[in-house]
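In what follows, a structure is listed as structure tokens, so that the remarks can point back to it.
The values are calculated or read from the model by the stated rules, or taken from the named source; none is laboratory data. Just so it is clear, the model here is predicted, and its values are computed rather than measured. Positions of Cβ are backbone-derived with ideal geometry, glycine not excepted, and every protein chain shown enters the neighbour counts. Please note that ligands, DNA and RNA were not included when accessible areas were found on the heavy atoms of the full protein model with its side chains. Shrake-Rupley method; radii C 1.70, N 1.55, O 1.52, S 1.80 Å.
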Amino acid sequence: MALDTILFTIHDGVARLTLNRPERLNAFTRAMHADIAQALTEVEIGGAARALVIAGAGRGFCAGQDLGERKRSPGDPAPDLGETLETLYGPLMRRLAALPIPTIAAVNGVAAGAGANLALACDMVIAKESARFIQSFSNIGLLPDAGGTWRLAKLIGQARATGLAMTGEPLDAKTAAEWGMIWRAAPDDAFEAEVEALATTLARKPTLALKAAKQALHASWNQGLDAQLDLERDLQRDLGRSADYAEGVAAFGEKRPAQFTGA
Ligand code: T3D
């Protein structure tokens, strides 16, 4: 795979996608969107990955859209930002939501604009204590996109979501964890080890069960209890027929660790 703007590996069930434009705090370009799309295709069809970690190279996680791509000379027409959301950011957010394996955002540094919302689009977010999340859109005359207006209020409530969206103020990782916006803020010197441990743990879990949990939790945001109970019934029926469920129950009875294969 020829990739210029990201690093991508799959090893021992864990796919690692590292945004790799550190001199621009890993801001998104069209080329980066294309590279990410290529890597996600490998995750979707390759079958080797049972967890995906998204991180940034250097001191930042991702600074959102590369504003260098939005520079204009006097007289130039305004860019069609709806087009980029329709063709680049929207598809990326939808693909992450639909990915049948757990995704982890390993937020190693500042996450701003669509970079912050890329992190929040992952199933679990672990951040360095020194990292910051910034809904920086209002600083340049935009509204939070890449799912930000949908996700933020659900995670931290309308008041805090509105405050972040309107002020563009940074939120430190510890507070983000206290507010329930992210899974965990890890001490900087323990961050890499914690990401590794979490990725390995998820990659060894019963993948179909994690997929079903993700699907049901996402569905719960848009439907009531009745529909949710029906969905749980249907998903659990399928999981009850999986090899991993049989292995889990057998391992419990035999008092040994389960060896899940993801099937
Ligand atoms: O456009 C569309 O298609 C619509 C979709 C929009 C989605 C969006 O994401 S809009 C929001 C875009 N992002 C931003 O507005 C964030 C801009 N960046 C910042 O506010 C700050 O850089 C940070 C708060 C993220 C970090 O601040 P700091 O002080 O730690 O670093 P810095 O010095 O500002 O940045 C370091 C370098 O990265 C610097 O370059 P230089 O001066 O060393 O050559 C800076 O220009 C560059 N950089 C940071 N963010 C971006 C960027 N270059 C291009 N695009 C960026 N977004």
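Condition check: within 13 Å of the ligand (Cβ to nearest atom), open to solvent by 10 Å² or more (accessible area, probe 1.4 Å), more than 17 Å from L142 (Cα to Cα) and at pLDDT 95 or above. Does R24 satisfy that?
Working: within 13 Å of the ligand (Cβ to nearest atom): yes; open to solvent by 10 Å² or more (accessible area, probe 1.4 Å): yes; more than 17 Å from L142 (Cα to Cα): yes; at pLDDT 95 or above: yes.
Criteria met by R24.
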Confirm whether V107 is within 30 Å of A199 (Cβ to Cβ), within 19 Å of the chain's Cα centre (by Cα), within 15 Å of the ligand (Cβ to nearest atom) and among the β-branched types (V, I, T). yes
Which of the residues belonging to segment 122-146 are away from the ligand (no atom under 13 Å from the Cβ) and crowded, with 21+ Cβ neighbours inside 10 Å? C122, D123, V125, I126, A127, K128
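Residue-wise test of (1) small (G, A, S); (2) closer than 27 Å to V14 by Cα.
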site: W150; (1), (2): no, no
site: A176; (1), (2): yes, yes
site: M181; (1), (2): no, yes
site: D189; (1), (2): no, yes
site: E196; (1), (2): no, yes
site: K211; (1), (2): no, yes
site: L217; (1), (2): no, yes
site: A246; (1), (2): yes, yes
Only one of G90, G13, G58 is over 30 Å from A216 (Cβ atoms), of a type in the set (G, A, S) and either within 14 Å of the ligand (Cβ to nearest atom) or at pLDDT 95 or above (or both), namely G58
Filtering helices (runs of 4 or more DSSP H) wholly in segment 149-220 for at least 2 residues that are within 30 Å of A243 (Cα to Cα) and either open to solvent by less than 30 Å² (accessible area, probe 1.4 Å) or not small (G, A, S) (or both) gives 191-203, 207-220
Filter segment 234-260 down to residues that are surrounded by fewer than 13 Cβ atoms within 10 Å (Cβ to Cβ) and part of a loop (DSSP other than H, G, I, E, B), then give me how many there are. 6
Restricting segment 27-55 to residues that are β-branched (V, I, T) and in contact (Cβ under 8 Å) with a residue 60 or more places away in the chain, which is nearest to the ligand (Cβ to nearest atom)? I54
Output for Cβ contacts, cut-off 7 Å, separation at least six or different chains, first residue small (G, A, S) in segment 1-20, second open to solvent by less than 60 Å² (accessible area, probe 1.4 Å) and assigned to a loop (DSSP other than H, G, I, E, B), reads G13/A49; G13/R50; A15/A49
Scan of segment 1-24 for residues that are among the polar types (S, T, N, Q) and part of a loop (DSSP other than H, G, I, E, B), ordered by number: T5, N20
